[in-house]
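Visitor: My questions will all concern the structure given below.
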């Protein structure tokens, strides 16, 4: 048990009596009420719990919360701008009507956002490699691919 | 054949009821054949499946429908039915059916908005409460949602539109026939006047509600919204991570719960170290529940309650249980499979159907083919593990449930029966489901959460682990088909014999998914036909898995048809069209049945769009399959290549589909693409192998889902016929595996006859 200071979506949280092995996933969901990060398997196979830790995508079910202290955590709730402006990926997800049940899509978006932060214009192969860790039982992979290409194109159009 | 100590009849009571709802015989399904029915016939149909749907209009006065969440509509609100409310605040449409990813929360309000002539951007959609009186039957299953609501919802929109027109005409002192509507406004062209619906709602609310049975509906050509692509109404909430799902529920003072059951279905708790568990950090209580004897409601188990999910998960690790497995399932897949393979060589135990003289035709035929097809048991593996939140307000004797379920009304009666509560004392909030695929037709997690909450009197969120979910599923049944066929010297199919080996829990009737109707086997169109069945004992419960039965029968039957056409040296498309014969309904006067003309049309369309017969890149081949299920005609062509005789790459799948009018084109295409990927996923590597009644695969490391790099291009072509729409959640799945496996044979000469294909060393790359 320890007391942790966690920075999540730009906000500092002091958390007391956190078990040493408690995964970040359950701190986010049960302590902070950030339920957009979802539980699917608990063994890092499905990617539904993907968040950014220090800017890199991680499976929150495998990262002990205390290992996240000292690095900024971004969850799906923090992907849009503080003023509510959606991330280009979020807008593309809406425009392409990507989701079916939608349960995996927080994790899909966080993996895709990490990809776009590294690659301005990812190829299909780049996308496949970056997204292979995120399962979608409904089978929305084709729309996810299209939405990522679209968001990358939009961002480039804005920046050039 | 049944295990001692387990009452098998009682054990599947709920499943029987669900089966009646989901597998309603085609001639009794509502809403479809409406174009050909008189009013009396329509009322009979809606009466059967819709309960109070029509009464909702005619008996409830404007504004009287009670919305337990949002209070009764006011006098200034137009609410001619419970489906919609129009006031100066806006246009609100209720989504009445459970949303599990099939898209009804968007598609169904579109139907109302179309007849209302509302601009979609003006419409707010809210999930409705549960009420058979207001909405008729509320459930998601059997791809019946859209056909069930098609007419009632169109009428709901048209009734409101008529009242708004009348209100405007009265206000302007003009004849109602001179007024028209568009984009949430009434217009009077000759005077140029125009009034918004929201400004007319109060006046309209005081007018009499017209008879919905006689309200004119739009012709297809007048549709502005239906058939277009509309993005899902929850999409903004989804992409920003808002709480939507069952597992997202949070209540003050809420406890988190696990419910630990015997890994062999039917086992009971003999003893457990509950004192140790109760003393662990973060744990509030732990206790044993005996179960009610119904495997679809409450199995015996141990409830562990704590202040956080993680504390509960950790406590489970320390739990030591001695199970009493008297009467528990002892299913063993390896033994059962070996037994089935032996039985497949003999005649079936019973004959389900026969015509002609199959034995003689097989003996005398120029060319005969024999093959054994099989498929393993699989799990649903919806991405959100089962969950339910329950709160028993003991002082009021009232139960409140937050449940992601495909059968919310059934869940209420399940819980009422289980706890001896009046149904009126139970409030169920419909929540979005993280996938359903048929698993959430059964309400065992709702019963568990309710039974635990009833005991503790505080809000309780029950969260299954992935392992719980896979070990306590209602399986898609495995099965075997020993097939024999013959073709004559002209290459025509002349004999077809199918010895179907399936499973039974009670020694009499097949498990769910083990019902193969003779008409479902296209072999029955061949002159000499024989369908036999043998049932093997199997106690782990089976249930409804996306396109039950069809999802696997298609693999065996469409694969073997290709074997016959290959043996005959015929083109597969031509061979299938010849078997289908002249255009006709296969069951006279049943427009839910297979129509050979519609079947031929989708086959020809898929072939044309995929370029059937065109030159292909080296190593590539096309495979074709057709299947009819859930009143939908679907054909597919898969383009594949095979490396090293084992590594299969599916490049593209072309889907041609006739489900009548398309409601939301975006949702329809999404269902088609998803069904193809789902079908490939199950085909590639999914199987549950039981040992001593225990499932050996309990998470995605040993039960793989398809990943993005394996997903092929999917192109979907709809034939939008004049038939009323039928459901699209399931019927695109069945033809996928046979189309791919037929293509693999053409590409490399290896015939795949067992699912998953990983058993024979094949992989999907």
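Visitor: What pairs can you find where one residue is in the stretch B:67-87 and outside the structural domain of residue B:137 (by TED's automatic domain parsing), the other is at pLDDT 90 or above and surrounded by fewer than 15 Cβ atoms within 10 Å (Cβ to Cβ), and their Cβ atoms are less than 6 Å apart, with a gap of 6+ or different chains?
Guide: Sorted first by the residue in the stretch B:67-87, then by its partner, the list stays empty.
Visitor: Since residue B:182 meets every condition but one in (1) out of contact with any helix residue (DSSP H, G or I) (no Cβ under 9 Å at 6 or more places or on another chain); (2) touching a residue at least 12 places away in the same chain (Cβ under 8 Å); (3) under 30 Å from residue B:386 (Cβ atoms), which condition does it not meet?
Guide: (3)
Visitor: If you scan the stretch B:453-463, which residues turn out to be in contact with a helix residue (DSSP H, G or I) (Cβ under 8 Å, 6 or more places away or on another chain) and more than 10 Å from chain A (Cβ to nearest Cβ)?
Guide: B:454, B:459, B:460, B:462
Visitor: Would you point out which residue out of B:678, B:701 is within 12 Å of chain A (Cβ to nearest Cβ), in a loop (DSSP other than H, G, I, E, B) and more than 14 Å from residue B:763 (Cα to Cα)?
Guide: B:701
Visitor: Please go through the stretch B:288-308 and pick out each residue that is within 14 Å of chain A (Cβ to nearest Cβ) and either surrounded by fewer than 20 Cβ atoms within 10 Å (Cβ to Cβ) or more than 18 Å from residue B:275 (Cα to Cα) (or both).
Guide: The answer is B:307, B:308.
Visitor: Also, I was wondering about something else. Just one of the numbered conditions (1) over 21 Å from residue A:114 (Cβ atoms); (2) within 9 Å of chain B (Cβ to nearest Cβ) is not true of residue A:12; which one?
Guide: In the conditions (1) over 21 Å from residue A:114 (Cβ atoms); (2) within 9 Å of chain B (Cβ to nearest Cβ), residue A:12 misses (2) alone.
Visitor: Could you please find all residues in the stretch B:352-393 being within 30 Å of residue B:687 (Cβ to Cβ) and either free of Cβ contacts under 8 Å to residues at least 12 places away in the same chain or out of contact with any helix residue (DSSP H, G or I) (no Cβ under 8 Å at 6 or more places or on another chain) (or both)?
Guide: B:370, B:383
Visitor: Residue B:323 - would you say it is closer than 27 Å to residue B:447 by Cα and touching a residue at least 12 places away in the same chain (Cβ under 8 Å)?
Guide: Spelling it out, residue B:323 is indeed closer than 27 Å to residue B:447 by Cα and touching a residue at least 12 places away in the same chain (Cβ under 8 Å).
Each row is one residue, and each column tells you yes or no for (1) touching a helix residue (DSSP H, G or I) at 6+ places or on another chain (Cβ under 6 Å); (2) touching a residue at least 12 places away in the same chain (Cβ under 8 Å).
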| site | (1), (2) |
| --- | --- |
| B:237 | no, no |
| B:254 | no, yes |
| B:264 | no, yes |
| B:288 | no, yes |
| B:294 | yes, yes |
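Visitor: Looking at (1) exposed (fewer than 14 other Cβ atoms within 10 Å of the Cβ); (2) over 33 Å from the mean Cα position of the chain (by Cα); (3) in contact (Cβ under 8 Å) with a residue 40 or more places away in the chain; (4) away from chain A (no Cβ under 14 Å), which one does residue B:216 not meet, given that it meets all the others?
Guide: (2)
Visitor: Scan the stretch B:751-765 residue by residue and report those that are surrounded by fewer than 17 Cβ atoms within 10 Å (Cβ to Cβ) and in contact with a strand residue (DSSP E or B) (Cβ under 8 Å, 6 or more places away or on another chain).
Guide: Those that are surrounded by fewer than 17 Cβ atoms within 10 Å (Cβ to Cβ) and in contact with a strand residue (DSSP E or B) (Cβ under 8 Å, 6 or more places away or on another chain): B:760, B:763, B:765.
Visitor: Tell me which of these residue B:133 doesn't satisfy, since it passes every other one: (1) farther than 24 Å from residue B:182 by Cα; (2) more than 20 Å from the chain's Cα centre (by Cα); (3) surrounded by 24 or more Cβ atoms within 10 Å (Cβ to Cβ).
Guide: Of (1) farther than 24 Å from residue B:182 by Cα; (2) more than 20 Å from the chain's Cα centre (by Cα); (3) surrounded by 24 or more Cβ atoms within 10 Å (Cβ to Cβ), only one is false for residue B:133: (3).
Visitor: Restricting the search to the stretch A:107-128, which residues are assigned to a helix (DSSP H, G or I), more than 7 Å from chain B (Cβ to nearest Cβ) and surrounded by 15 or more Cβ atoms within 10 Å (Cβ to Cβ)?
Guide: Listed by number, the residues that qualify are A:107, A:108, A:110, A:111, A:112, A:113, A:114, A:115, A:116, A:126, A:127.
Visitor: Something else now. Yes or no: the stretch B:293-310 includes at least one residue that is assigned to a helix (DSSP H, G or I), assigned by TED's automatic domain parsing to the domain that holds residue B:253 and in contact with a strand residue (DSSP E or B) (Cβ under 9 Å, 6 or more places away or on another chain).
Guide: So far as the stretch B:293-310 goes, yes, one or more of its residues are assigned to a helix (DSSP H, G or I), assigned by TED's automatic domain parsing to the domain that holds residue B:253 and in contact with a strand residue (DSSP E or B) (Cβ under 9 Å, 6 or more places away or on another chain).
Visitor: Name the single residue, out of those in the stretch B:648-664 being surrounded by fewer than 24 Cβ atoms within 10 Å (Cβ to Cβ) and over 19 Å from the mean Cα position of the chain (by Cα), that is farthest from residue B:759 (Cα to Cα).
Guide: Only one residue fits best here, namely B:661.
Visitor: So, one more: So which of A:6, A:25 ends up being within 30 Å of residue B:404 (Cα to Cα) and crowded, with 18+ Cβ neighbours inside 10 Å?
Guide: So the residue among A:6, A:25 that is within 30 Å of residue B:404 (Cα to Cα) and crowded, with 18+ Cβ neighbours inside 10 Å is A:25.
Visitor: Which of the residues spanning the stretch B:240-283 are more than 22 Å from residue B:402 (Cα to Cα), within 14 Å of chain A (Cβ to nearest Cβ) and either in contact with a strand residue (DSSP E or B) (Cβ under 7 Å, 6 or more places away or on another chain) or in a helix (DSSP H, G or I) (or both)?
Guide: B:282, B:283
Visitor: For the list (1) in contact (Cβ under 8 Å) with a residue 12 or more places away in the chain; (2) surrounded by fewer than 21 Cβ atoms within 10 Å (Cβ to Cβ); (3) not in a loop (DSSP other than H, G, I, E, B), I need the number of the one condition that residue B:559 fails.
Guide: Status for residue B:559: all satisfied but (2).
Visitor: One residue is enough: does the stretch A:75-85 have a residue meeting the conditions free of Cβ contacts under 8 Å to residues at least 12 places away in the same chain, in a loop (DSSP other than H, G, I, E, B) and within 11 Å of chain B (Cβ to nearest Cβ)?
Guide: yes
Visitor: Spot the failing condition for residue A:71; the list is (1) in contact with a strand residue (DSSP E or B) (Cβ under 8 Å, 6 or more places away or on another chain); (2) buried (at least 19 other Cβ atoms within 10 Å of the Cβ); (3) closer than 23 Å to residue A:30 by Cβ, and only one is missed.
Guide: For residue A:71, the exception is condition (2).
Visitor: While we're looking at this one, here's another question. Would you tally the residues in the stretch B:593-627 being in a strand (DSSP E or B) and in contact (Cβ under 8 Å) with a residue 40 or more places away in the chain?
Guide: 8
For (1) surrounded by fewer than 21 Cβ atoms within 10 Å (Cβ to Cβ); (2) modelled with pLDDT of 95 or more; (3) on the phi > 0 side of the Ramachandran plot, each residue gets a yes or a no:
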residue	(1), (2), (3)
B:568	no, yes, no
B:578	yes, yes, no
B:582	yes, yes, no
B:587	yes, no, no
B:593	yes, no, no
B:599	no, yes, no
B:602	no, yes, no
B:609	yes, yes, no
B:615	yes, yes, no
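Visitor: Could you identify the single residue in B:420, B:457 that is surrounded by fewer than 22 Cβ atoms within 10 Å (Cβ to Cβ), over 26 Å from the mean Cα position of the chain (by Cα) and at pLDDT below 95?
Guide: None of the other options fit; the residue is B:457.
Visitor: Now, a different point. Give just the number: which of (1) more than 7 Å from chain B (Cβ to nearest Cβ); (2) in contact with a helix residue (DSSP H, G or I) (Cβ under 8 Å, 6 or more places away or on another chain); (3) surrounded by fewer than 24 Cβ atoms within 10 Å (Cβ to Cβ); (4) not in a loop (DSSP other than H, G, I, E, B) does residue A:92 not satisfy?
Guide: Condition not satisfied by residue A:92: (3).
Visitor: Evaluate the stretch B:515-524: report whether one residue or more is out of contact with any strand residue (DSSP E or B) (no Cβ under 6 Å at 6 or more places or on another chain), assigned by TED's automatic domain parsing to the domain that holds residue B:339, surrounded by fewer than 24 Cβ atoms within 10 Å (Cβ to Cβ) and farther than 23 Å from residue B:368 by Cα.
Guide: Scanning the stretch B:515-524, I find at least one residue that is out of contact with any strand residue (DSSP E or B) (no Cβ under 6 Å at 6 or more places or on another chain), assigned by TED's automatic domain parsing to the domain that holds residue B:339, surrounded by fewer than 24 Cβ atoms within 10 Å (Cβ to Cβ) and farther than 23 Å from residue B:368 by Cα, so the answer is yes.
The values are calculated or read from the model by the stated rules, or taken from the named source; none is laboratory data. All figures in this text were calculated on a predicted structure; none of them were measured in a lab. Using ideal geometry, Cβ is built from the backbone for each residue, glycine included, and neighbour counts are taken over all protein chains shown.
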